[in-house]
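Here it is, the structure in full.
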Amino acid sequence: MERITNKMLNGKVDLLNKLLGQSTESYSKKANGEWAPNPRVFYIGAAYGGYRLERMCNSGSGASDISPRGTKREVYDYVSAFIQGVEELS
């Protein structure tokens, strides 16, 4: 079984964001030089040795947990299933 890398995991999330017409970056720089969150963008959260799919809130003041915390492979498979669902609805 192939080892899942951060690059592969982030690539899947980028594809999900592109399919939904979202930015692939969690934050962008405003004209005044400050960084601001991009609402509704999916990204990988990593903490306590685990990973999960998260999404920036509309208000930009937090994030929603989309998947349970798991290994890179578990989250990769979760994101892959999420992508398949989006493609089926398109």
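The numbers here are math on the coordinates, done by the rules we state, and not lab data. Quick caveat: nothing in here was measured; it's all calculated off a predicted structure. As a convention, Cβ positions derive from the backbone with ideal geometry for all residues, glycine included, and neighbour counts pool all protein chains shown.
Is it the case that some residue within the range 17-31 is of a type in the set (A, V, I, L, M) and under 24 Å from S80 (Cβ atoms)?
Yes, the range 17-31 contains a residue that is of a type in the set (A, V, I, L, M) and under 24 Å from S80 (Cβ atoms).
Give the residue, chosen from K12, K18, that is of a type outside the set (A, V, I, L, M, F, W, C), touching a Phe, Trp or Tyr at 6+ places or on another chain (Cβ under 9 Å) and not in a strand (DSSP E or B).
Of K12, K18, the one residue that is of a type outside the set (A, V, I, L, M, F, W, C), touching a Phe, Trp or Tyr at 6+ places or on another chain (Cβ under 9 Å) and not in a strand (DSSP E or B) is K12.
Related question: Is there a residue being charged (D, E, K, R) and either in contact with a helix residue (DSSP H, G or I) (Cβ under 8 Å, 6 or more places away or on another chain) or in a strand (DSSP E or B) (or both) anywhere in the range 34-43?
No, that holds for no residue.
Here's another thing I want to ask about it. Name the pairs whose Cβ atoms lie under 9 Å apart, with the first residue in the range 53-82 and in contact (Cβ under 8 Å) with a residue 40 or more places away in the chain and at positive phi, the second among the β-branched types (V, I, T) and assigned to a strand (DSSP E or B), and 6 or more positions between them or separate chains?
Note: no pairs meet the criteria.
Return yes or no: is I4 among the β-branched types (V, I, T), part of a helix (DSSP H, G or I), at negative phi and surrounded by 11 or more Cβ atoms within 10 Å (Cβ to Cβ)?
Numbers: among the β-branched types (V, I, T): yes; part of a helix (DSSP H, G or I): no; at negative phi: yes; surrounded by 11 or more Cβ atoms within 10 Å (Cβ to Cβ): yes.
For I4, the condition - among the β-branched types (V, I, T), part of a helix (DSSP H, G or I), at negative phi and surrounded by 11 or more Cβ atoms within 10 Å (Cβ to Cβ) - is not met.
Is it the case that some residue within the range 24-45 is touching a residue at least 12 places away in the same chain (Cβ under 8 Å), in contact with a Ser or Thr (Cβ under 7 Å, 6 or more places away or on another chain) and acidic (D, E)?
Taking every residue of the range 24-45 in turn, none turns out to be touching a residue at least 12 places away in the same chain (Cβ under 8 Å), in contact with a Ser or Thr (Cβ under 7 Å, 6 or more places away or on another chain) and acidic (D, E).
Another question, if that's okay. Would you mind finding the one in S23, S64 that is among the hydroxyl-bearing types (S, T, Y) and in a strand (DSSP E or B)?
Answer to the selection: S64.
A follow-up question, please. Keeping to the range 34-90, report how many residues are surrounded by 16 or more Cβ atoms within 10 Å (Cβ to Cβ), among the hydrophobic types (A, V, I, L, M, F, W, C) and over 12 Å from N17 (Cβ atoms).
The total comes to 3.
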